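Each value in this text was obtained by applying a stated rule to the coordinates, not by laboratory testing. On a predicted model such as this, the values are computed, not experimentally measured, just so you know. Here the Cβ positions follow ideal geometry from the backbone for every residue, glycine too, while neighbour counts run over all protein chains shown.
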Amino acid sequence: MFDINLSLTSCFVQVAAEKKQKKPQEARPRRVPTQARSLRRYEAILAAAADAFADHGFEATTMEGIAARAETSIGSLYQFFPNKMAVFRELAARALAMSRALFAEQMGPEPWKRPWRELVDAMVDGYAKLNQDPTMRAIFGNVQLYGEYADEDAEQLREMTVAIAALIGMWSPTVPARRREVVGALVVNTVATAMVLVSRDVGLADEVVAEIKLLVKRYLAPYADGTVES
């Protein structure tokens, strides 16, 4: 199996992620609290930051504004996060974890036993709903910062590509491994890119979701039904 990362998402947002820079230590959370009271404050800060980033954008959001939204002191905010970028990176990490968890939940242990059209519907609907979460909206709404989590996103896309390729192998075992992975990459990246539209334009969300389902089903049908020419 070869390594493929078409990364249509990064192309869509037109972010130059070619320069892979190590994340500086000062742009990471100082600490994650364990005590209940501090943990509630920490979560309130992240919730407030997600709303602020989604509503006003990263550049217009300030640490003071986040603290005010979270109804905490600026000192408490700096106790956990050294700067605004550290807050954003923590939200990005959470968004990726939410996405990975949803994919695993929908795929389940034996996805080939599930009606494939039902699987497509559930997966697309799940991501459409997830991408209305403030954390996801904060990330999609600030695509100029894609480079801050590009490596982690690329790794997740690869994981999903491998999983879809394996599923295609169960449906159509005569399809070569290389082709299965190309098909998986196209499906994963196309859906991921389209979800940016869903998160940005709630008014068109239903129409976009319906078209995503139609596109994926028509593309996958020969593979899922075992009628594709090898």
Would you check if there is a residue in the stretch 119-139 being out of contact with any Cys (no Cβ under 9 Å at 6 or more places or on another chain), assigned to a loop (DSSP other than H, G, I, E, B) and surrounded by fewer than 19 Cβ atoms within 10 Å (Cβ to Cβ)?
yes
The stretch 58-71 residues that are free of Cβ contacts under 8 Å to residues at least 60 places away in the same chain and outside any helix (DSSP H, G or I), paired with ones that are surrounded by fewer than 18 Cβ atoms within 10 Å (Cβ to Cβ) and acidic (Asp, Glu) (beta carbon under 9 Å, 6 or more apart):
61/55
Going by the structure shown, is residue 160 in contact with a Phe, Trp or Tyr (Cβ under 7 Å, 6 or more places away or on another chain) and closer than 20 Å to residue 106 by Cα?
yes
Lone qualifier among 82, 109 - being under 30 Å from residue 171 (Cα atoms) and not in a helix (DSSP H, G or I):
109
Would you point out the residue of the stretch 96-127, among those that are under 18 Å from residue 211 (Cβ atoms) and small (Gly, Ala, Ser), that is farthest from the chain's Cα centre (by Cα)?
122
